[in-house]
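Worksheet for the structure shown next.
The values are calculated or read from the model by the stated rules, or taken from the named source; none is laboratory data. These figures come from a predicted structure and were not determined experimentally. All Cβ positions, even for glycine, are placed from backbone atoms using ideal geometry, and neighbour counts span all protein chains on display.
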Ligand SMILES: *[C@@H]1O[C@H](CO)[C@@H](O)[C@H](O)[C@H]1NC(C)=O
């Protein structure tokens, strides 16, 4: 059968374009004794059929891209079933041919050999599969599926051996697939998607993007593909490009939840246009689409409500996310958490931490720490840098960081050597890869929006150094203030908020400790934040 005909057998409605209907139409035109009513009716039916055909084609295209999501293995297995099972099933299979097929005519002729190699891959005998597929590539250099099988085998082998070098070979082989003559479109799709995914995994995001863009030329209406390109843009910090592509997707498909969430996220965090971001984030989340209801989107939807003065709406969002297990609770909204449960309370007494000795040492040396801090602050020699996370509603809040992510900033420590020497003796703080050690100065008239830190893996100590009247910090439901020479300990993964209604600056020293429940192994392996 010629390819166009096959496609037309997909659905009866398609008959509008099929050879069977066209003659009929001609015949009816020729019929001279036909009444006007009948004529209108025929035109009507023809138009109807054409419209139906359009929708079928569109839905086929969609189906096409849905099928891409299937593991590659499955498709080959299907192909195998088709070739082995009697006609009834084969006929049904043909319905999705050739749009979704990854097997060209040549590969059909060597399907038995391909499936044999594939069976090794399916059974997890990767080295044997690779050998078989390499043999096939040599024997049939023009076989797209042989090359694809080789690419997949290398892909799996690289995972097994954790070898970037083999992964590179796999990426290269995926690239070869698409250059082979008569490579089925669907196979190109699978090979390029995987190639882009692996490139991104290796951190070669620019190359991943260009692969995906090439693919988009072949499937210009593939919204999933456009969404993925947006993700890669975001990963490489090209937020404007991401915004553009998500805008396009939302224009093409106003109900696309994935694109809406991501667009809302960009509009909220980059442009601070809260009112515009809220419906996008809300509808994106509500779509329930995979990837559209990520914790970050709840986080920023709630925060957007807070910023426009609707805290009740914010907490509704947080409650909803907590119910879904996205946040640990409406008040504890950190997203980079330990994979084991940790004691969770907003306020900690020094005795509860297991770090009592260290805490007493910091308190005992508070004047040394204060004086060094004041020197850095007074010099105004570029020491204190503005807070960068857009957490202030108003006012001035600056920090001077000595350690972050478990690393000492030696240049900063040269300005506060005695303080750093004290900290160096406190390993549970100095080595805390998910925290910082820093001075924090806040000027009168500052209000810090309710917010949460990124992780539950740390406890945050505040040592009061210069504390005027009318300053306060709320963590969870409890509001307290600082005292000079005294430490308070909070879990900043809980909702907290700060006010400075006083008239002179406030200075504290912040020391993050590993959460005491974390094992040495966790402390050693957790990714820095
Ligand atoms: C600071 O002022 C704000 C606004 O007037 C008020 O809501 C808050 O409770 C005050 N906090 C303190 C600690 O004075």
query: For the stretch 346-381, how many residues meet the condition of being over 22 Å from residue 504 (Cα atoms), in contact with a helix residue (DSSP H, G or I) (Cβ under 8 Å, 6 or more places away or on another chain) and surrounded by 14 or more Cβ atoms within 10 Å (Cβ to Cβ)?
result: 8
statement: Selection from the stretch 466-477 of residues part of a loop (DSSP other than H, G, I, E, B) and on the phi < 0 side of the Ramachandran plot yields 467, 468, 469, 477
- prompt: In the stretch 274-295, which residues are surrounded by 16 or more Cβ atoms within 10 Å (Cβ to Cβ) and part of a helix (DSSP H, G or I)?
  reply: 274, 277, 278, 280, 281, 282, 283, 284, 285, 295
task: Determine which single condition residue 462 fails, assuming it passes every other condition in (1) under 34 Å from the mean Cα position of the chain (by Cα); (2) within 16 Å of the ligand (Cβ to nearest atom); (3) over 21 Å from residue 376 (Cβ atoms); (4) buried (at least 18 other Cβ atoms within 10 Å of the Cβ).
output: (3)
query: Could you give every pair whose Cβ atoms fall below 6 Å, whose first residue belongs to the stretch 278-298 and is modelled with pLDDT of 95 or more, and whose second residue is outside any helix (DSSP H, G or I), counting only separations of at least 6 or pairs across chains?
result: 284/292; 285/293; 298/326
- request: Answer yes if at least one residue in the stretch 445-456 is within 14 Å of the ligand (Cβ to nearest atom) and at pLDDT below 90, and no otherwise.
  value: no
task: Just give me the residues in the stretch 310-336 being surrounded by fewer than 17 Cβ atoms within 10 Å (Cβ to Cβ), touching a strand residue (DSSP E or B) at 6+ places or on another chain (Cβ under 9 Å) and part of a loop (DSSP other than H, G, I, E, B), in sequence order.
output: 329
query: Looking only at the stretch 412-453, which residues are within 14 Å of residue 369 (Cβ to Cβ) and assigned to a loop (DSSP other than H, G, I, E, B)?
result: 416, 425, 426
field: Hits in the stretch 165-184 - residues which are modelled with pLDDT under 95, surrounded by fewer than 16 Cβ atoms within 10 Å (Cβ to Cβ) and in a helix (DSSP H, G or I)
entry: 179
message: Can you tell me which condition residue 521 does not meet? The list is (1) over 27 Å from residue 365 (Cβ atoms); (2) more than 14 Å from the ligand (Cβ to nearest atom); (3) touching a strand residue (DSSP E or B) at 6+ places or on another chain (Cβ under 9 Å), and all the others hold.
response: (3)
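Quick grid of which residues meet (1) within 21 Å of residue 189 (Cα to Cα); (2) surrounded by fewer than 19 Cβ atoms within 10 Å (Cβ to Cβ):
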{"site": "117", "(1), (2)": "no, no"}
{"site": "128", "(1), (2)": "no, yes"}
{"site": "132", "(1), (2)": "no, no"}
{"site": "135", "(1), (2)": "no, yes"}
{"site": "148", "(1), (2)": "yes, no"}
{"site": "157", "(1), (2)": "no, yes"}
{"site": "162", "(1), (2)": "no, yes"}
message: Among (1) buried (at least 19 other Cβ atoms within 10 Å of the Cβ); (2) more than 16 Å from the ligand (Cβ to nearest atom); (3) free of Cβ contacts under 8 Å to residues at least 60 places away in the same chain, there is one condition residue 428 misses while meeting the rest; what is its number?
response: (3)
- request: Kindly indicate which of 338, 344, 421 is farther than 26 Å from residue 480 by Cα, at pLDDT 95 or above and within 39 Å of the chain's Cα centre (by Cα).
  value: 338
message: Looking at the structure I just gave you, is residue 490 closer than 24 Å to residue 363 by Cα and either touching a residue at least 60 places away in the same chain (Cβ under 8 Å) or touching a helix residue (DSSP H, G or I) at 6+ places or on another chain (Cβ under 9 Å) (or both)?
response: yes
- request: May I ask you to list the residues in the stretch 465-509 that are away from the ligand (no atom under 11 Å from the Cβ) and under 31 Å from the mean Cα position of the chain (by Cα)?
  value: 475, 476, 490, 491, 492, 493, 494, 495, 496
